[in-house]
Amino acid sequence: MLRINGLRLPLDFSHQDLLRAAAKKLRVSPKDLEWVRLARKSVDARKKDQICFVCSAEVQPACGETRLAARVPGARVAQPYCYSLPIPCPGPLSPVVVGFGPAGMFAGLVLAQCGLKPIIIERGQPVEEREKTVRAFWQGGPLDPQCNVQFGEGGAGAFSDGKLTTGTGDGRIRKVLEELVSAGAPREILTDGKPHIGTDRLPGVVRNIRQTILSMGGRVLFSTRLTGIRAKDGKLAGIVTESSRGKETIPCQQAILAVGHSARDVFRLLDSMGLPLMPKAFSVGVRVEHPAALIDRAQYGGFAGHPRLGAADYKLNCTLPNGRGVYTFCMCPGGVVTGAASEPGGVVTNGMSPWARDGANSNAALLVGVTPSDYGAQGPLAGVEFQRKIEQAAFRLAGGGYLAPAQRIEDFLAARKSTGFGLVTPSYLPGVAAEDIGACLPGFVADALRQALPVLGRRLAGFDHPDGVLTAPETRSSSPVRVLRDETLQCPALQGLYPCGEGAGYAGGIVSAAVDGIRCGEALAAGSPSP
């Protein structure tokens, strides 16, 4: 099989177009190819009057693979991807996975596939019930501190765009994508350059992965919270949980800690035990919201609205004169801004999109990088308190009820309170209060955003449109804490405990968290880490 890169094809290309382009690249007749299939597809929108797809294809020539690859730039001999499970070293007790977001889910899946029958505990509800709880909160209902956008089956990623992009090059990414497709995700995620599933399709995928784990002998205990860790002679001996069943101890010698970036009570627990934690850099800011049509025109020009393109996305960044970085993150085309609080008395925003990405607005996090020197306090949990102060200030500014403070970009740049909204109707649920959002952000964060908006507006037409809406705050972009682990992926002070995923500070999105879950699952199963 050959892999061919750099095939430029029109937006309405067919399979026959792909076949002809591959044959032309190889300088053979289409009849000399036994089959061809699309491997990757990305949009090239650099020239607004010549927007096209740049594709990679896998082909099987009738003969001469090596000879063809040697003579054609952009072609190489390739092997189909095949994931190999580690050879497990079963212990006397089932391993435990704490948390059932992307990291915990894929750790549990690998352990189940190895025949180790993991016990998975999740503080929130199954995704079917969780959806109802979250949507009730968005409609003005009470916040459930144990089941919300941050906590519950599927993790924070279950209420997002379901974006599957990552900057890592780990080969396990293909394992993640194939498992998602097996669980019901669209097959397009295997070939799209910027794959996504969509918030509306994610719950079914998550539920199917859970059923796969259960079918292999695993257990999932929902509404079950980690409250203690038992150790003996520097080794893990068990975990303590609380649920409707009361307080229980689950004996175990191995556990993967995949609790997510908002499990502040778990971070406190680890710190109280003297386990090694350190504060880490992360980012805070706001959600910026524009009409989807404006972004489409800025990115695609006259091709905006083409059915093969869908809603446009963007990725922007700049470095300010003082060296601080400002960038967009978690861009949700045709999506909405949502309430993502997990503690009483604090406001947190996030974004999500359905598979169709057909909403009136598009939004993204607009973030300012912060480091431990910005936190105003010392200690491993200083970043947590930094987040909390911003979230509580936003709650007070908007008048309570988990409304979020929001402001037109023009008003924000002028540091004046908005009196209403124009071209963009804020989509945030439970609702917004027109305020000066600078009042709830650290001064240096607000200043950085004011400096960056005009710069980014020059890079993407309309990004700093006066009627664009900023909704505050976005504080949970990544974990403010790193739970240290050694070369075996275990906590150096507690053998058998595997800090994992975004919450432990080793990932930054659905796919990277899932990959880290697989790595920790492999390390636990085999008794040593995989490269």
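The values are calculated or read from the model by the stated rules, or taken from the named source; none is laboratory data. Computed from a predicted model, the values in this text were never measured in an experiment. Backbone-built Cβ (ideal geometry, glycine too); neighbour counts: all protein chains shown. What goes into the accessible areas is simple: the full protein's heavy atoms, side chains included, and nothing from ligands, DNA or RNA. Shrake-Rupley method; radii C 1.70, N 1.55, O 1.52, S 1.80 Å.
List pairs: first in segment 45-65 and under 27 Å from Leu2 (Cα atoms), second assigned to a loop (DSSP other than H, G, I, E, B) and modelled with pLDDT under 90, Cβ under 9 Å, 6+ apart or cross-chain?
If the second residue must be assigned to a loop (DSSP other than H, G, I, E, B) and modelled with pLDDT under 90, the pairs left are Ser56/Gly74; Glu58/Met1; Glu58/Ala78; Glu58/Pro80; Val59/Met1; Gln60/Met1; Pro61/Met1; Glu65/Met1.
So which of Asp296, Asp313 ends up being closer than 26 Å to Arg408 by Cβ, open to solvent by 20 Å² or more (accessible area, probe 1.4 Å), in a loop (DSSP other than H, G, I, E, B) and not polar (S, T, N, Q)?
Details: Asp296 fails: in a loop (DSSP other than H, G, I, E, B).
That would be Asp313, the only listed residue that is closer than 26 Å to Arg408 by Cβ, open to solvent by 20 Å² or more (accessible area, probe 1.4 Å), in a loop (DSSP other than H, G, I, E, B) and not polar (S, T, N, Q).
Any idea which of Asp161, Asp170, Asp144 is of a type outside the set (S, T, N, Q), open to solvent by less than 20 Å² (accessible area, probe 1.4 Å) and either more than 26 Å from Leu403 (Cβ to Cβ) or not in a helix (DSSP H, G or I) (or both)?
Asp161
Take residues that are in contact with a Cys (Cβ under 9 Å, 6 or more places away or on another chain) and tell me which of the strands (runs of 3 or more DSSP E) falling wholly in segment 1-71 contain 2 or more.
Because the criterion is at least 2 residues that are in contact with a Cys (Cβ under 9 Å, 6 or more places away or on another chain), the strands (runs of 3 or more DSSP E) in segment 1-71 that meet it are 2-9, 33-44.
Could you give every pair whose Cβ atoms fall below 9 Å, whose first residue belongs to segment 395-411 and is basic (Lys, Arg), and whose second residue is open to solvent by less than 40 Å² (accessible area, probe 1.4 Å) and in a strand (DSSP E or B), counting only separations of at least 6 or pairs across chains?
Matching pairs, first to second residue: Arg408/Ala434; Arg408/Val469; Arg408/Leu470.
Could you list, in sequence order, all residues of segment 242-276 that are farther than 26 Å from Lys117 by Cβ, in a loop (DSSP other than H, G, I, E, B) and open to solvent by 30 Å² or more (accessible area, probe 1.4 Å)?
Met273, Gly274, Pro276
Could you list, in sequence order, the residues of segment 496-519 that are of a type in the set (A, V, I, L, M, F, W, C) and either under 18 Å from the mean Cα position of the chain (by Cα) or open to solvent by 10 Å² or more (accessible area, probe 1.4 Å) (or both)?
Going through segment 496-519, the residues of a type in the set (A, V, I, L, M, F, W, C) turn out to be 497, 500, 504, 507, 510-511, 513-515, 518.
Cys500, Ala504, Ala507, Ile510, Val511, Ala513, Ala514, Val515, Ile518 - these are the residues of segment 496-519 that are of a type in the set (A, V, I, L, M, F, W, C) and either under 18 Å from the mean Cα position of the chain (by Cα) or open to solvent by 10 Å² or more (accessible area, probe 1.4 Å) (or both).
I'm trying to understand the selection: among the residues of segment 323-342, which are open to solvent by 10 Å² or more (accessible area, probe 1.4 Å) and out of contact with any Leu (no Cβ under 8 Å at 6 or more places or on another chain)?
Result: Gly323, Arg324, Gly325, Cys330, Met331.
Do you know which residues across segment 1-19 are at pLDDT 95 or above and either polar (S, T, N, Q) or open to solvent by 70 Å² or more (accessible area, probe 1.4 Å) (or both)?
Result: Arg8, Asp12, Ser14, His15, Gln16.
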